[in-house]
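Let me begin by presenting the structure, written as structure tokens, before commenting on it.
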Amino acid sequence: MLCLDLGDRDETLGWNAARNPKLRKGEGMSQKVIDLLNAARARELTAITQYMAQHYELEDRDFGKLASQMKEIAIQEMKHAEDLAERILYLRGEPTTKPDAGIKKGQEIGEMLSTDIALEQQAVKMYNEAAVVCSEEKDQISKRLFEKLLGEEEEHLNIFENLKDHIEKLGAPYLATLTGE
Ligand code: FE
Ligand code: FE
């Protein structure tokens, strides 16, 4: 019987095969975990695109302070997308480049914040569930990554909820504090 061990020469592994030469396809990795990491990455890509679009719109409407906050959060989401990609590559998966949803444009500030709150709430739910699955799949590193992201998404959620709350309670005088540089 011909038994061919392709090892690291396995062409089907693709360009990222070199990332973790010790790990062969199907060995020590969970497709379930890779799929969850990729679902999270697609979610991050949506958040990045949404927050950047809001950053430009707010800048345009002279809400410079709020615009900067959006930019800062968008950059944090970029780091999340990158952390997820690195973990996916380590597990010999292929990081997705596609956001999982379209973005909203031309919203009023209150509506923008509702959009963002929904995005963060979905991420929190998703990452909480993903951490449990990683644990079941005995992948503690991926679990820790989800937990780290979770903490930061909760912070984002808190920022957006506070902003929305202040705008609702204080109205125009509060909005005025979000303008300028
Ligand atoms: Fe994120
Ligand atoms: Fe977030």
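The values are calculated or read from the model by the stated rules, or taken from the named source; none is laboratory data. Computed from a predicted structure; not experimentally measured. For neighbour counting, all protein chains shown are included, and Cβ atoms are generated from backbone atoms with ideal geometry for every residue, glycine included.
Key figures for this structure:
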{"quantity": "Matching residues in the stretch 154-165 - criterion: being more than 10 Å from ligand 1 (Cβ to nearest atom) and in contact (Cβ under 8 Å) with a residue 12 or more places away in the chain", "calculated": "154, 157, 159, 160, 161, 163, 164"}
{"quantity": "All positions within the stretch 14-61 that are of a type in the set (Asp, Glu) and modelled with pLDDT of 95 or more", "calculated": "35, 44, 57, 59, 60"}
{"quantity": "Filtered residue count, the stretch 112-153, keeping only those that are touching a residue at least 24 places away in the same chain (Cβ under 8 Å) and in contact with a Cys (Cβ under 7 Å, 6 or more places away or on another chain)", "calculated": "2"}
{"quantity": "The stretch 42-70, subset away from ligand 2 (no atom under 13 Å from the Cβ) and either charged (D, E, K, R) or not in a helix (DSSP H, G or I) (or both), residue surrounded by the most Cβ atoms within 10 Å (Cβ to Cβ)", "calculated": "63"}
{"quantity": "Any hit, the stretch 96-114, residues being crowded, with 19+ Cβ neighbours inside 10 Å and within 16 Å of ligand 2 (Cβ to nearest atom)", "calculated": "yes"}
{"quantity": "Positions within the stretch 120-149 being among the aliphatic types (A, V, I, L, M), out of contact with any Ser or Thr (no Cβ under 9 Å at 6 or more places or on another chain) and more than 10 Å from ligand 2 (Cβ to nearest atom), in sequence order", "calculated": "126, 132, 141, 145"}
{"quantity": "Residue match in the stretch 160-170 (condition: of a type in the set (Asp, Glu), surrounded by 14 or more Cβ atoms within 10 Å (Cβ to Cβ) and modelled with pLDDT of 95 or more)", "calculated": "yes"}
